[in-house]
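*Asks:* Just passing along the structure, written as structure tokens.
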Amino acid sequence: SKAQLFDKESQINITFNDVAGLEEAKTEVMEIVDFLKNPKKYTDLGGKIPKGALLVGPPGTGKTLLAKAVAGEAQVPFFSLSGSDFVEMFVGVGASRVRDLFKQAKEKAPCIIFIDEIDAIGRARGKNSMMGGNDERENTLNQLLVEMDGFGTNLGVIILAATNRLDVLDQALLRPGRFDRQISIDKPDLIGREHIFNVHLKPLKLAEEVDAKKLSAQTPGFAGAEIANVCNEAALIAARKGKSAIEMQDFQDAIDRVIGGLEKKNKIISPEE
Ligand code: ATP
């Protein structure tokens, strides 16, 4: 049987409360929530509801989380696939997966389709030919364009896609009627990190001394994913020591661990010549 590349349609219970900071981005996607909930309000006046928006920003900053929160807030199904799933795929498979996904989504409209790492399929065409090309990726991209053009604007299918490489995307994706809106998702600043810590500290059993503000000051450059990671690591470290509450020292150890992990990852990405 065929492997399922996209998550089966699922009802999401993530809301904007789960997304800390990102106030501007939230304001922008709130409009999308309203399109999904009250399409008539817009179409009665002759408006065309946008089909797609790009969430642009570095890894781990909450793009997927925000897309899920849109579906959760609007209480519509969430379909997703990742561009990286399409790398090294057999001829014809990528395009047919895209076709199947849109078919399912249209049946379940209103809904959200989320495409993570769209740059993996949406790189400018024809630029890989030196390396033998990647025709299947192009087929997949072409199919995506065909599907986006093919459904009526007011059907209630809204496509959100995430990328950290806006510069490599095929311009065709950015034309009106496709991903004509861009929402930027940046790494959190000091206050943003404090808010994210607060979200992820909430379910934990903490010693009195634990302070989100201090933790935020100790984690410059961290994205939300790393902060979530720190909180979970700290809980595991404290548990390993048999503690009944997580202390500041456990967070410090967790921060060191996460920094160590990031350094290792960077070494793998850019090996010394
Ligand atoms: P990637 O580009 O690597 O796919 P992403 O931008 O889609 O990353 P997410 O997958 O949404 O990032 O984030 C990973 C996890 O990090 C989330 O599930 C959440 O736990 C945490 N996180 C990230 N940003 C935030 C935020 N703004 N508020 C709360 N949690 C966050």
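The values are calculated or read from the model by the stated rules, or taken from the named source; none is laboratory data. As the structure is a prediction and not an experimental result, all values here were calculated from the model. Ideal geometry is used to build each Cβ from the backbone, glycine not excepted, and the neighbour counts take in all protein chains shown. Accessible surface is based on the protein model in full, side chains and every heavy atom, while ligands, DNA and RNA are left aside. Shrake-Rupley method; radii C 1.70, N 1.55, O 1.52, S 1.80 Å.
*Asks:* Given the conditions (1) within 22 Å of the chain's Cα centre (by Cα); (2) over 23 Å from Val56 (Cα atoms); (3) surrounded by fewer than 16 Cβ atoms within 10 Å (Cβ to Cβ), report the number of the one that Arg165 does not fulfil.
*Replies:* Going through (1) within 22 Å of the chain's Cα centre (by Cα); (2) over 23 Å from Val56 (Cα atoms); (3) surrounded by fewer than 16 Cβ atoms within 10 Å (Cβ to Cβ) one by one, Arg165 breaks only (2).
*Asks:* Filter the stretch 75-94 down to the residues that are open to solvent by 40 Å² or more (accessible area, probe 1.4 Å), hydrophobic (A, V, I, L, M, F, W, C) and within 16 Å of the ligand (Cβ to nearest atom) and list them by number.
*Replies:* Residue satisfying the conditions is Val87 alone.
*Asks:* Which numbered condition trips up Ser184, out of (1) in contact with a Gly (Cβ under 8 Å, 6 or more places away or on another chain); (2) crowded, with 17+ Cβ neighbours inside 10 Å?
*Replies:* If we test Ser184 against (1) in contact with a Gly (Cβ under 8 Å, 6 or more places away or on another chain); (2) crowded, with 17+ Cβ neighbours inside 10 Å, just (2) comes out false.
*Asks:* Then there is this: Using the structure shown, decide if Arg181 is of a type in the set (Lys, Arg), touching a strand residue (DSSP E or B) at 6+ places or on another chain (Cβ under 8 Å) and either away from the ligand (no atom under 16 Å from the Cβ) or within 24 Å of Glu117 (Cα to Cα) (or both).
*Replies:* When the stated conditions are applied, Arg181 passes them.
*Asks:* Does Gly72 meet the test of being within 16 Å of the ligand (Cβ to nearest atom), in contact with a Gly (Cβ under 6 Å, 6 or more places away or on another chain) and more than 21 Å from Ala172 (Cα to Cα)?
*Replies:* no
*Asks:* How many residues are surrounded by 21 or more Cβ atoms within 10 Å (Cβ to Cβ), in a helix (DSSP H, G or I) and in contact (Cβ under 8 Å) with a residue 60 or more places away in the chain when one looks only at the stretch 209-225?
*Replies:* Qualifying residue count, the stretch 209-225: 1.
*Asks:* While we're looking at this one, here's another question. Tell me which residues, restricted to the stretch 10-38, are surrounded by 18 or more Cβ atoms within 10 Å (Cβ to Cβ) and over 30 Å from Leu190 (Cα atoms).
*Replies:* Hits for the stretch 10-38 are Phe35, Leu36.
*Asks:* Tell me which residues, restricted to the stretch 145-162, are open to solvent by less than 30 Å² (accessible area, probe 1.4 Å) and either farther than 24 Å from Gly47 by Cα or of a type in the set (Ser, Thr, Tyr) (or both). Walk me through it before giving the result.
*Replies:* First, pick out the residues of the stretch 145-162 that are open to solvent by less than 30 Å² (accessible area, probe 1.4 Å): 145, 147-148, 151, 156-162.
Once the filter is applied, which keeps residues that are open to solvent by less than 30 Å² (accessible area, probe 1.4 Å) and either farther than 24 Å from Gly47 by Cα or of a type in the set (Ser, Thr, Tyr) (or both), the stretch 145-162 yields only Ala162.
*Asks:* Taking Ala172 and the conditions (1) surrounded by fewer than 20 Cβ atoms within 10 Å (Cβ to Cβ); (2) modelled with pLDDT of 95 or more; (3) in a helix (DSSP H, G or I); (4) over 18 Å from the mean Cα position of the chain (by Cα), which numbered condition does it fall short on, given that it satisfies the others?
*Replies:* Condition not satisfied by Ala172: (2).
*Asks:* Let me ask you something else. In the stretch 192-208, is there at least one residue being at pLDDT 95 or above, open to solvent by 80 Å² or more (accessible area, probe 1.4 Å), within 16 Å of the ligand (Cβ to nearest atom) and not in a loop (DSSP other than H, G, I, E, B)?
*Replies:* Yes - at least one qualifying residue is present in the stretch 192-208.
*Asks:* Looking for something within 16 Å of the ligand (Cβ to nearest atom), open to solvent by 10 Å² or more (accessible area, probe 1.4 Å), under 12 Å from the mean Cα position of the chain (by Cα) and at negative phi - is there at least one such residue anywhere in the stretch 47-55? Spell out how you get there, then give the answer.
*Replies:* The first filter runs over the stretch 47-55 and keeps only residues within 16 Å of the ligand (Cβ to nearest atom), leaving 53-55.
If we keep only those that are open to solvent by 10 Å² or more (accessible area, probe 1.4 Å) as well, we get none.
No, the stretch 47-55 contains no residue that is within 16 Å of the ligand (Cβ to nearest atom), open to solvent by 10 Å² or more (accessible area, probe 1.4 Å), under 12 Å from the mean Cα position of the chain (by Cα) and at negative phi.
*Asks:* Further question on the same structure: Given the conditions (1) of a type outside the set (Lys, Arg); (2) away from the ligand (no atom under 16 Å from the Cβ); (3) surrounded by fewer than 19 Cβ atoms within 10 Å (Cβ to Cβ), which single one is not true for Asp250?
*Replies:* The single condition Asp250 does not satisfy is (3).
*Asks:* Of all residues in the stretch 28-71, which are closer than 23 Å to Glu226 by Cβ and of a type in the set (Gly, Ala, Ser)?
*Replies:* Passing the criteria: Gly57, Gly60, Gly62, Ala67, Ala69.
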